Amino acid sequence: MANCPDEIGTPDLDQVDMTRVTMIGPAVEDRLLSAFECVKETVEEFTDSYYTSHQAREKIVQLSDVLRDDLQNMLILGQNLNCRDARSPTQDLETAIIKTLESLKVLKKQLLATAMAQASELFRQNDDEGLLKSLRVSGLAGDLTHVEELTVKFSEHQEQLEEVCKLFRHMASTDPLIITAEHNESFLHHLGPLILCAAHTLGLYPESKIARENLEVLSDAWESQINDLSILVKEVNDVCQGRGDKLVYLSLPRPGVSLI
């Protein structure tokens, strides 16, 4: 398996673009094929996602196939020139390079649109505040049956949030954004069960001040993390759209509730 970076985009574009200078010898071909394997792995993360729409899934697969074909054509032309010890690309190779670059850009644009659609749907539903409030109210009422019902809904919501974090980690193209996406995914993954445990404990001991305050603290941490996720989504989108040339220090994880 290729040693893939977390993001898709600039490194792959640079490798294709550099073939104008390096031409396509065996070493360059290996690097390009390795980069394409990384792109395929990213594509599979999107197409395998339960939350990717059927239409988006079909479009991603189609664009991935186009990129594969364009890359194969570029490699064949490069191999032929390499056999003739050519030192500069022909017009055919130049055209193939341009087509491959364009195919990669279009695929990346579709992946970003897919990730944004999932994130937008989550933020539009705005389930976090309602779910946390219902867990607290049910716990204070000692209604364990309702707490259990809400546990299922909250777990499904958490899974979707983690999926969005993962997709945006693939789309991120700066180290701070990649770190933030990883931090968001890990934090939500570990915080969710703590919240559900706290709600269950409150349901068992609704008169307990400690149980109530524990759930409140964890809920506040969750809402803060969701806010950070919304910032991450905006920043990754801005960078991908060419509107984020500077490193955004808001993207770096902030100190919060310790889960260790």
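The values are calculated or read from the model by the stated rules, or taken from the named source; none is laboratory data. This is a predicted model, so every value here is computed, not measured. As a convention, Cβ positions derive from the backbone with ideal geometry for all residues, glycine included, and neighbour counts pool all protein chains shown. In case anyone asks, the SASA skips ligands and DNA or RNA and just uses the protein heavy atoms, side chains included. Shrake-Rupley method; radii C 1.70, N 1.55, O 1.52, S 1.80 Å.
Assuming a viscosity of 1.567 mPa s and a temperature of 4 °C, what translational diffusion coefficient in µm² per second does Stokes-Einstein assign to the chain, Rh being the Kirkwood radius over Cα pairs? Value of D from the Cα-based Kirkwood radius: 63 µm²/s.
Note that the stretch 67-82 has calculated 3J(HN,Hα) couplings of 4, 4, 5, 5, 5, 4, 5, 4, 5, 4, 5, x, 4, 4, 5, 5 Hz, one per residue in order, obtained from phi through the Karplus relation 6.51 cos²θ - 1.76 cosθ + 1.60 (θ = phi - 60°); glycine and proline are x. With a simple spin-label model that places each label point 7 Å from the Cα along the Cα-to-Cβ direction, the separation between GLN72 and GLU156 comes to 4.1 nm.
Between VAL106 and GLU149, full extension at 0.36 nm per residue minus the direct alpha carbon distance yields a gain of 11.2 nm.
Checking every one of the trypsin sites (Lys or Arg not before Pro) in the stretch 35-90 against DSSP loop status and a limit of 12 other Cβ atoms within 10 Å picks out ARG84, ARG87.
Distance between the 7 Å Cα→Cβ label points at ASN82 and HIS189: 3.8 nm.
Computed with a 1.4 Å probe over protein heavy atoms only, the accessible surface of the chain comes to 54 Å² per residue.
Spatially close Lys pairs in the stretch 107-214, defined by Cα atoms under 29 Å apart and a spacing of eight or more places or different chains, total 7.
Between GLU37 and THR95, the FRET efficiency estimated from the beta carbon spacing at R0 = 25 angstrom works out to 0.55.
Annotation: extensible slack from ASP65 through ILE179 equals 38.0 nm (criterion: 0.36 nm per residue apart, minus Cα-Cα distance). Once both labels are positioned 7 Å from their Cα atoms along Cα-to-Cβ, the gap between VAL217 and SER120 label points is 3.9 nm. Estimated at 0.36 nm per residue, the fully extended path between ASP17 and ARG243 surpasses their Cα-Cα distance by 79.2 nm.
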